[in-house]
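Here it is: the structure, laid out below.
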Amino acid sequence: MGRLPRTQPAFEEHEEVSKAFSSGSTAADPLALPDLDPDQPLVFEAAEYAARQRRLQEALAARGLDAVLLYSIHSLYYLYGYDLAAGAAIPYGVVLAPCDGEPTACVRNTLVPWLSRSTVLRDIQSYDEPFRDDNAAQTVALLAGRGLLAGRRIGIETRSQQLNAHDYALVRSRTEAGGGTLVDASDLVMELRIRKSPAEISMMRQAGRLYDVFMAAALAAIRPGVRECDVHAQAVHAVYAAGGDDVAQPLMLMPIALSRMHCLPPSRRRLRAGDGLFVEAAGCYNRYHVVGGRTVVCGALPGAELRAAHARARESIELTRSLLRPGATADAIARTVMAARQVREHEAFYAAYGTGIGFRSLWHEDLILRAGDPHVLEPGMTLTVFGFGTEGESFAIAADPVVITERGCDSLSALATGELQVAGA
């Protein structure tokens, strides 16, 4: 069987890193990521959080809102460094952030000791028993106690995994009964998160280095006869050994034949020679995610259809990347790409989406390069640029992580792209 030559030195470099980790090497961490101080829960300086909260209050005033009820763990982490494991985020918890004054948290009593260590969220109330209506009702009582109920407009994050329909209905009915008005403000903090500070870009660049380790380890583990879950295990081991954090979604190994396509987690299915796969991975550093992906063939040279599909996918990415610059609109870029490529069925309906803070199972942001998206690109926005291509039964995908700069865009990954790669040949 022939073998596709590897012509990607950047991949080889990161493959050596991933092999060192997977072999249990005790050599010094080549990424040199610092350890976390268990006594310091915040990963940014206090001034960074103060600036974010100031921008939130300005956004509230601009929308004519007296306060906002924050439920999204992404928002709480962004504004206050409030970091929770997925399971711990299930009990009812909210932060009341007024347009003027200090925020107040209302959380389960078991979380108070941890939250009390924060220097940016000082007013904390609690409840004792989870999953009771009284917990959501306490939120409305809190609004009333702060003079933020009767005659007031209160934003609320309805698009949040931490606010269920039952609690939302209770908060809404009691707020309206008290003379207040609830307004959906799910995009309020998200719009702040999309435009990243220099400190956040530094986090994203570190996450990009971890993405390279994760992807290189996954590609090195792919070969005929290996289970998908074993590939995932090797990649996870490598990224944790490199100092990475919990990734919001598992490695994706998606068959790219249209008739067999699925988006399932890594399973006990064994890879076969000739399998075409879309491999999607992410690197995570202090909850900041860099996401990318590529199409590979397991243990065999690709056929003509797949090569053609992959070429279309890469052409799409290169076209999109050439259009990324400050002042360009998401809508205009998407329409240009789709018109130029004469998009086929199963191909692109968007050209990129924003990434940043991620918790299970959500790492994307509301900035999406698709028709109708009004966002204007600015330096500091971070994206995963997608390219899709179909040819016959073959479907190829490629995804590059980038950051918008003053002049265009810069890669957040050092892995080389280009040729369709064979893994495990």
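The values are calculated or read from the model by the stated rules, or taken from the named source; none is laboratory data. Just so you know, these numbers come straight off a predicted model, no measurement behind them. Positions of Cβ are generated from backbone atoms using ideal geometry, with glycine treated the same way; all protein chains shown enter the neighbour counts.
Looking at region 151-160, can you tell me whether even one residue there is touching a residue at least 40 places away in the same chain (Cβ under 8 Å), among the hydroxyl-bearing types (Ser, Thr, Tyr) and in the same structural domain as Gly380 (by TED's automatic domain parsing)?
no
Among the strands (runs of 3 or more DSSP E) lying completely within region 375-423, list those that include at least 1 residues that are over 21 Å from the mean Cα position of the chain (by Cα) and aromatic (Phe, Trp, Tyr).
Numbers: elements: 382-391, 394-404, 409-411, 421-423.
Filter on region 375-423 gives 394-404.
Return a yes/no flag: does region 81-90 have any residue that is of a type in the set (Phe, Trp, Tyr), modelled with pLDDT of 50 or more and closer than 22 Å to Leu412 by Cα.
If we filter region 81-90 for residues that are of a type in the set (Phe, Trp, Tyr), which is where we start, we get 82.
The next check asks that each one be modelled with pLDDT of 50 or more; those that pass are 82.
Then drop every residue that is not closer than 22 Å to Leu412 by Cα, which leaves none.
Looking through region 81-90, none of the residues is of a type in the set (Phe, Trp, Tyr), modelled with pLDDT of 50 or more and closer than 22 Å to Leu412 by Cα.
Inside region 131-147, can you point out the residues that are surrounded by fewer than 21 Cβ atoms within 10 Å (Cβ to Cβ), under 33 Å from the mean Cα position of the chain (by Cα) and touching a residue at least 12 places away in the same chain (Cβ under 8 Å)?
Phe131, Asp133, Ala137, Gln138, Leu142
Conditions first: (1) under 26 Å from Tyr78 (Cβ atoms); (2) in contact with a helix residue (DSSP H, G or I) (Cβ under 6 Å, 6 or more places away or on another chain). Tyr240 passes all but one, so which condition is the exception?
All conditions pass for Tyr240, except number (2).
If you don't mind, there's one more thing I want to ask. Looking at this structure, is Gly243 at positive phi and over 23 Å from the mean Cα position of the chain (by Cα)?
Working: at positive phi: yes; over 23 Å from the mean Cα position of the chain (by Cα): no.
In short, no.
For region 107-122, how many residues meet the condition of being hydrophobic (A, V, I, L, M, F, W, C) and out of contact with any strand residue (DSSP E or B) (no Cβ under 9 Å at 6 or more places or on another chain)? Steps first, answer last, please.
To start, the set of residues in region 107-122 that are hydrophobic (A, V, I, L, M, F, W, C) comprises 107, 111-112, 114-115, 120-121.
From the residues that got through so far, the ones that are out of contact with any strand residue (DSSP E or B) (no Cβ under 9 Å at 6 or more places or on another chain) too are 114, 120.
Number satisfying all stated conditions: 2.
Checking the conditions here, which among Leu306, Leu271, Leu251 is within 23 Å of the chain's Cα centre (by Cα), in contact (Cβ under 8 Å) with a residue 12 or more places away in the chain and crowded, with 16+ Cβ neighbours inside 10 Å?
Working: Leu306 fails: within 23 Å of the chain's Cα centre (by Cα); Leu271 fails: within 23 Å of the chain's Cα centre (by Cα).
Of the residues listed, the single one that is within 23 Å of the chain's Cα centre (by Cα), in contact (Cβ under 8 Å) with a residue 12 or more places away in the chain and crowded, with 16+ Cβ neighbours inside 10 Å is Leu251.
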